[in-house]
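Taken together, the values in this text are just the output of simple stated rules run on the coordinates, not laboratory data. What you are looking at is a predicted structure, and each value in this text was computed from that prediction instead of being measured. Cβ coordinates were reconstructed from backbone atoms using ideal geometry, including for glycine residues, and neighbour counts include every protein chain displayed.
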Amino acid sequence: MMRLIVTALFTALLVLGVWTFFDSTTFLLGPERAGYRWWWPTDVSTYGGGIDLLFVVIGVMILVFFVLTYVVLIGAVFGASRKSEEKAAFTHGNHKLELLWTAVPAVLLLIIAFSQMQTWAAIKFRGAIAGEEIRAEAIAEQFDWRFRYPGTDGVFGTVDDIHSATDFVVPVDDKFVFHLRSNDVLHSFFVPKLRLKQDAVPGMTIPMWLEVDPDRFAREAQAIELADGSEGRELVVDLICAELCGWGHYKMAGRVRMLSKNAFEAWMAEQEALRFDNGEPE
Amino acid sequence: MSSTTATHVAPGTGSPGTVREHHEHHELGFIRKYVFSTDHKVIGLQFMFTGLVFLVLGGLLAMAIRWQLAWPWTEMPVIGSILFPHTGRVITPEFYTMLFTMHGTVMIFFVIIPLLTGAFGNFLIPLMIGAPDMAFPKVNMIGYWLMAPAIVFLMLGFFSPGGGPAAGWTAYPPLSTIKSAAPGSISGQTYWLLALTFVGASSMAGAVNYVTTIVKMRAPGMTMMRMPLTIWALLIAALLQLFALPVLTAAGILQLLDRTLLTGFFTPTNLIVNQINPESLDAFAGGAAAGGQPLLWQHLFWFYSHPAVYIMVVPAMGMASDIISTHARKPIFGYKPMVYSMAAIAGLGFIVWGHHMFMSGMNPALGMTFMVSTIMIALPSAIKVFNWLGTVYGSRIQLTAAMLNALGFVAMFIIGGLSGIWMASTPVDIYIHDTYIIVAHFHYVVFGGSVFAIFAAIYHWFPKMFGRIMNETLGKIHFVGSFIFTNGVFYMMHQLGMAGLMRRTADPYDYETYAHLQPLNEFISICAFCLFAWQIFFVVNFFHSMFWGKRVGRNPWKACSLEWDAPSPPGHGNFDRRLAVHRGPYEYASPEVDEDFLPQSRTV
């Protein structure tokens, strides 16, 4: 009785694991799954594909070992009572088996470890953005995000700086390098749609970059009308604080507004014009 | 007490493995016998009861967390009016931050570590190696009683101005060090640090004892390679504590100084300087914020707390190995690889702490080296799993409550261990860091793993502790429900994590990204309430069996290791006959004898 119950329990877990694995990784299969939001939100960055691929590759390895170990475990439990009168096999181990199941995972793990270094370096190493112009600053503060652009003179801290609260406006198809800072406690800059995460640490200025993929962007963006009557495109996604920063952590929400090139330029021009806006209707 | 040949001796004085002759017989009073006892068995039980009481508290905190996540800002039934009279029975956001901070703290420092090393370390080490008691019985007693100030400070934290600590169990500065940063940092955090210091001192007293006792007091013939894996695991866990704990204690005191004497170890000064970017104005280069380094705390904290993760699982692995071998009636498969892999986990455990900090602003090149060591730690864990499977394969499994929980441990450790490979991968971690995948992972290891191993160990060694056996039917009912609901709670958290849901948020549904996750959270919460309620089967079984359970003899499981040679429960001084060890601890199904087990102490 107990034998069947335990066999059923472990088998159910095995089925659940296999099913959720396949269901959760099919997001990679194509844009028709884009609206299926139980799993990873679809990626719109140029570099996120490497992360997603690695997740799936490791996932396949995990799945193989998961199925293998569970089948043995279930088999052992299911076969439990058949030979209740005889003694169990008297063995203290098997040297060849030990070597086999040490060497095979070791090789697999080393391959996994070394093959991912390039992806990591390309995203996080400062070499990836050496010499690039700093286009903006993201400043975290309990419980707000604020953004600053250097304006036409390209220098921060001057009178033509552009400030934006909550909305981080970035152009599509353009490597956008920015600095991340915190004014008080730790925060974390997390944009799931852009596969972007970095803690903000008071006392540190951390360079980051993002690049929105034009094709992926085109699939999800909405049309907007610009001031001069032409059409631009826009995609707004959540910017989330992912490091505990106090009681209001849960509502430290920002937005990333990805704009097509013309829309971004129009936005910049609009912001620069605001500097001389006296507030009266024209 | 089935056999109480009087063997009252000052513990720790005789040579191990011998019978202490009856030289001074004096009855200890109640206080010396049950309160300030130096007997390792009493101290072990004290740790066990303390740990189980805190398990209930930690569980209640978790239930409140689950209430908020399933139905944010709704009135909490029944106890809401007692806890939150001023907010209309609704959890406040600052109370929520305190909840998960205290849930983590209580479960790690007051439940898992005291249960594994405190309770089972104390109870099992002398019995399993054939010693009359610990090497330093008084230090042992002090070790338990250091928990008292720790508990007092922990409780004071709840009632201090501003409420309990609320910077997470990781206590990252500056949130934890600046009073205005969080209500819990006004004074609760100070009590938290004091509580941790005393818990650390308690663990230290235990660790010194375990290492000395295991190295010096083994019975004749008990070579290191004949020790049960439980003992190896406890030795390795004790060494981890000895090397890693001083770092946490020192770091805690530095944070305490930051808080009370306004030093600047971890807290940067000049935090806000008019939005000036140091790199755009040379005069301010590097000068915008100065002094303390928040990352230094993270390094020091994780230098202890990552090994602590292994302190929380290695003893569970050891006990599960013993229980599986005994109830599978088959020798453990690959004893030496089991020992070496535990040692490897512990060794590698010291060079992987940086994987908690991939996104912290630590140099990404350093992250790469931590990634490699972290991925490689999957190897000894895998070897252990394969050897457990080798043990059950072709065995004659007895599906007792103890065995069921041990198998549950293996099943869930597999899931928790495998998902760890995702976390070790730095690029994947960019997305999953601080999401519910992480929460799912470590709960599979610590709840599905360690807690199920603790249940298994209680079912298995209960006869030795109280001379009575726990009810098997209730035990099986307890296991089946617990297993179903545990997976209902924690498996689904993987899915939350894949959707990107981050931890420690009181109400994530305002984000468009997360709005659709509320029904899944509701399902998890219902499973969590059922899981908590289901433990009633364990509680009833535990107390009923303690007083009215079936009496059993010395060796109800027909096990091979030395503790089953002692009376159940063992008297003062443990053994009533001369002991010598002739073989390893797992001679089940041995062809040398007719029975299917050959105890370590028997001569053939």
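With R₀ fixed at 22 Å, the C-beta to C-beta distance from residue B:603 to residue B:215 puts the FRET efficiency at about 0.25. Across all directions, the shadow cast by the convex hull of the protein assembly as shown built on its C-alpha atoms averages 38.2 square nanometres. Scaling the Cα radius of gyration of the range B:49-101 by the globular reference 2.2 N^0.38 Å produces a ratio of 1.17. Only sites in a loop by DSSP and with at most 10 other Cβ atoms within 10 Å count here; which trypsin sites (Lys or Arg not before Pro) in the range A:45-117 make the cut? Sparse-neighbourhood loop trypsin sites (Lys or Arg not before Pro): A:82. As an exercise, use a Förster radius of 30 Å and the Cβ-Cβ distance of residue A:114 and residue B:522 to find the FRET efficiency, rounded to the nearest 0.05. Here the calculated transfer efficiency is 0.10. On the principal axes of its alpha carbon atoms, the range B:50-159 extends 58, 25, 20 Å, with the longest extent given first. A simple spin-label model places the labels of residue B:262 and residue A:4 7.4 nm from each other, with each point 7 Å out along Cα-to-Cβ. The mean number of partner chain beta-carbon atoms within 10 angstrom of a residue's beta-carbon across peptide A:1-12 is 4. The 3J(HN,Hα) values that the Karplus relation (6.51, -1.76, 1.60; θ = phi - 60°) gives for the range B:516-525 are, in residue order, 7, 8, 4, x, 5, 5, 5, 4, 4, 5 Hz. Gly and Pro appear as x. Taken along the Cα-to-beta-carbon direction at a fixed 7 Å, the label points for residue A:262 and residue A:153 span 3.2 nm.
Per the Debye calculation on the range B:356-470 with a single equal scatterer at every Cα and no solvent contribution, log₁₀ I(q)/I(0) for q = 0.09, 0.19, 0.22 Å⁻¹ amounts to -0.34, -0.99, -1.17. Annotation: amide H-H contacts under 5 Å for residue A:255 (H modelled 1.01 Å from N, sequence separation of 5 or more, or interchain): A:167, A:168, A:239. Measuring nothing but alpha carbons in the range B:80-223 and taking Rh as the Kirkwood radius, the Rg to Rh ratio lands at 1.14.
Backbone amide hydrogens, once placed in the peptide plane, bring residue A:180 within less than 5 Å of A:138, A:206, A:208, excluding anything fewer than 5 places away on its chain.
What the phi angles of the range B:473-482 give under the Karplus curve with 6.51, -1.76 and 1.60, with θ = phi - 60°, is a coupling list of 4, 4, x, 5, 4, 4, 5, 4, x, 4 Hz, glycine and proline written as x.
Note on the range B:459-566: Rg/Rh from C-alpha atoms, Kirkwood Rh, equals 1.22. Could you work out how far helix B:147-159 tilts from the main Cα principal axis of chain B, as a 0 to 90 degree angle to the nearest 10? Once rounded, one gets 30 degrees. Averaged over the residues of peptide B:363-369, the number of Cβ atoms from other protein chains lying within 10 Å of each residue's Cβ is 4. Among the listed pairs A:124/A:175; B:41/B:138; A:124/B:384; A:96/B:330; A:197/B:179, those with a Cα-Cα distance over 23 Å are A:124/B:384; A:197/B:179. From the P(r) of chain B, can you give the percent of Cα pairs sitting at distances over 44 Å? The share of Cα pairs beyond 44 Å in chain B comes to 19 percent.
Equivalent-ellipsoid semi-axes for the range B:149-236 (Cα gyration tensor, √(5λ), whole Å, largest first): 41, 12, 8. Computed from the Cα positions only, the extents of chain A along the three principal axes stand at 96, 37, 37 Å, in decreasing order.
Summarising the amide proton neighbourhood of residue A:145: residues at separation of 5 or more, or on other chains, whose placed amide H is nearer than 5 Å comprise A:166. Legend: mean number of C-beta atoms from other chains within 10 angstrom of residue C-beta atoms, peptide A:58-67, equals 4.
For the range B:390-543, take the alpha-carbon Rg, divide it by the Kirkwood Rh, and send me Rg/Rh.
Values: Rg = 17.8 Å, Rh = 16.9 Å.
Value, to two decimals: 1.05.
Charges were assigned to the Cβ only: +1 to each Lys and Arg, -1 to each Asp and Glu. The resulting dipole of the protein assembly as shown about its Cα centre is roughly 4700 debye. Between residue B:550 and residue A:122, the distance separating the two model label sites (each 7 Å from Cα on the Cα→Cβ line) works out to 6.4 nm. For chain A, the longest principal axis of the C-alpha atoms and the axis of helix A:261-274 are separated by about 50°. Estimated at 0.36 nm per residue, the fully extended path between residue B:592 and residue B:225 surpasses their Cα-Cα distance by 130.1 nm.
As a proxy for reagent exposure, ranking A:159, A:201, B:152 by other Cβ atoms within 10 Å from fewest up yields A:159, B:152, A:201.
FRET efficiency for residue A:274 and residue B:515, Cβ-Cβ distance as r, R0 = 45 Å, nearest 0.05? Using R0 = 45 Å, I get an efficiency of 0.85.
For the range A:131-274, the fraction of C-alpha pairs farther apart than 21 angstrom is 42 percent.
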